[in-house]
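Nothing in this text is a laboratory measurement; each read-out follows from the coordinates by a stated rule. Computed from a predicted model, the values in this text were never measured in an experiment. Glycine also receives a Cβ, built like all others from the backbone with ideal geometry; neighbour counts cover every protein chain displayed.
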Amino acid sequence: MAAVDIVQNVLHNLVFWSFLILILGGLLAASWLLVRLAGVSSDDMSNIVDKLSLIGFPIGVIALITIGAGLFLWSTMVEPDPLFIDEYPTFDLVTIVCLCILGFVLILRPIKDFRFGAFISLAIGLFGAGLLVFLGAESVKLLSVVLFILFFGIYLSIKIFEDLYLLIAEVLSSPLISVIVGILCILQGIFQILGLSIGGIILIFLP
């Protein structure tokens, strides 16, 4: 089997199993509620949810990849269907939105406290100092000044993006938002099994 055929099969399988990704990811996103309903004590609940969030991270990545897979297959169709993929009519706009939000919820939850600004700034600062050493600079003061300027200059420039990222991560990973997103994704996944979609059901009741 050619590499292109293998890739096509993987993409089709991702889209075909999108309902399972929604249900599984939805259960992980709604883990706060599920653990609470299971009667777990408050002391143990946070530990269990944290462990489940680690499982949810790769599911979130797969959810975002599935969106790309669906849109790519849609773009390669000779006559694109309004529902994005002719073969999978339930892979509609609602499914794409659910997968997108679910992906970010599951990805951001375990890394919501990760401050990438200092890490990136330090890495670039060390790279700049190392580059000077490679070019023949031997002054410790010069290397220290370069490292200091690069670190704080870059850190201050990306601090606003880091704060925005932390705010979004905090909101999406909050128990209330996670549970709401999880329940909606579970419902959409179940509807997909039945050949339906939340979007289609809503349209039925609209005048």
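Once both labels are positioned 7 Å from their Cα atoms along Cα-to-Cβ, the gap between Phe16 and Lys51 label points is 3.4 nm. Extension gain, Ile111-Asp5: 0.36 nm per intervening residue step, less the Cα-Cα distance, totals 34.6 nm.
Of the listed peptides 18-31, 164-177, 58-71, what is their order by residue-averaged count of other C-beta atoms within 10 Å, with the highest listed first?
The peptides rank, most packed first, as 18-31, 58-71, 164-177.
Residue separation of Ser174 and Phe205 scaled by 0.36 nm, minus their Cα-Cα distance, works out to 8.0 nm of gained length.
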